[in-house]
Amino acid sequence: MKIILLGAPGSGKGTQAQIICEKFKLPHISSGDIFRHNMSEKTSIGIIAKRYIDKGELVPDSVTIEMITKRLKESDCKNGYVLDGFPRTIAQAKQLDKYEKIDIVIELVIEADKLTQRLTGRRSCQECGAPYHISTLDGKTKCASCGGVLIQREDDKEETVKHRIEVYNMQTKPLSDYYRAEDLLVEVKGEGKVEDIYHQIEKELKR
Ligand code: AMP
């Protein structure tokens, strides 16, 4: 099954994508994670991407599309995947439509003021990228799964978060109508317990 997860930054896409991938045995294709990996390895993509990501801007379509299309050609993606963070513009969606047949697009819907709270309180593992929130960390500073140090991502700082949400509303939100018109869009409320949200998603995937 080829699944796209849509949603604003902080809507919980990454967390839900990980669960879906585990349960349905699908690869998790997160454009943000691939960019961050390239940034830590200081590859040419990483050097370009950093200039945009740290400011809360989108990486140009040309760079992003090439990176993701290359990844989707790998053999583990043959029978399906969960796309998390791609597409983020209509141009990316149109390009994806040219060579992939997507089965379903799940949009996680959440109120705008909750997003800022979630993102500025987020801490991420420097090693594996696992997300945490200060409200549940109880002072812990290390990742529960790999022991890596927890940090605040540069783009989770307050000013950048505001800009990321504006960018989302202008450039990514129009994708909801795009996929609704293709009859692929399903909206799921992204608030509440992680397990409950996942069960809503699972119901839609099994339909
Ligand atoms: P994420 O981890 O999905 O929030 O992505 C982190 C950052 O990576 C975003 O704020 C963008 O700067 C960049 N990024 C991720 N995916 C894309 C995409 N599909 N198009 C352009 N930029 C992206």
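Restricting the range 136-157 to residues that are in a helix (DSSP H, G or I) and within 19 Å of the chain's Cα centre (by Cα) leaves a set whose member that is surrounded by the fewest Cβ atoms within 10 Å (Cβ to Cβ) is Glu154.
One line per residue, one yes/no per condition, for (1) under 20 Å from Asp84 (Cα atoms); (2) of a type in the set (Asp, Glu); (3) in contact (Cβ under 8 Å) with a residue 24 or more places away in the chain:
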{"residue": "Cys125", "(1), (2), (3)": "yes, no, yes"}
{"residue": "His133", "(1), (2), (3)": "yes, no, no"}
{"residue": "Thr136", "(1), (2), (3)": "no, no, no"}
{"residue": "Lys140", "(1), (2), (3)": "no, no, no"}
{"residue": "Ser145", "(1), (2), (3)": "no, no, no"}
{"residue": "Gly148", "(1), (2), (3)": "no, no, no"}
{"residue": "Gln171", "(1), (2), (3)": "yes, no, yes"}
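Summed over the range 72-94, residues that are within 18 Å of Phe24 (Cβ to Cβ) and out of contact with any Ser or Thr (no Cβ under 6 Å at 6 or more places or on another chain) total 11. Of the helices (runs of 4 or more DSSP H) lying entirely inside the range 1-111, the ones with 2 or more residues being among the basic types (Lys, Arg) are found at 13-24, 44-53, 61-72, 90-99.
Figure legend. Inter-residue proximity from the range 20-47: first residues within 19 Å of Arg164 (Cα to Cα) and in contact (Cβ under 8 Å) with a residue 40 or more places away in the chain, second residues in a loop (DSSP other than H, G, I, E, B) and not charged (D, E, K, R), beta-carbon distance below 7 Å, spacing 6+ or different chains. Indicated pairs: Ser30/Gly85; Ser31/Gly85; Ser31/Phe86; Gly32/Gly85; Asp33/Gly129; Arg36/Gly129. The number of residues in the range 14-73 being at pLDDT below 95, among the charged types (D, E, K, R) and within 21 Å of Gln200 (Cα to Cα) comes to 0.
Among the listed residues Glu166, Glu158, Glu204, identify the single one that is out of contact with any Asp or Glu (no Cβ under 8 Å at 6 or more places or on another chain), within 14 Å of the ligand (Cβ to nearest atom) and at pLDDT 90 or above. Let's see the steps before the verdict.
On the way: Glu158 fails: within 14 Å of the ligand (Cβ to nearest atom); Glu204 fails: within 14 Å of the ligand (Cβ to nearest atom).
Testing whether each residue is out of contact with any Asp or Glu (no Cβ under 8 Å at 6 or more places or on another chain), within 14 Å of the ligand (Cβ to nearest atom) and at pLDDT 90 or above leaves just Glu166.
Do we have Leu58 as touching a residue at least 60 places away in the same chain (Cβ under 8 Å), within 15 Å of the ligand (Cβ to nearest atom) and farther than 23 Å from Lys162 by Cβ here? So Leu58 fails the test.
The values are calculated or read from the model by the stated rules, or taken from the named source; none is laboratory data. Just so it is clear, the structure is predicted and the values come from calculations on it, not from any experiment. Note: ideal-geometry Cβ built from the backbone for every residue, glycine included; neighbour counts use all protein chains shown.
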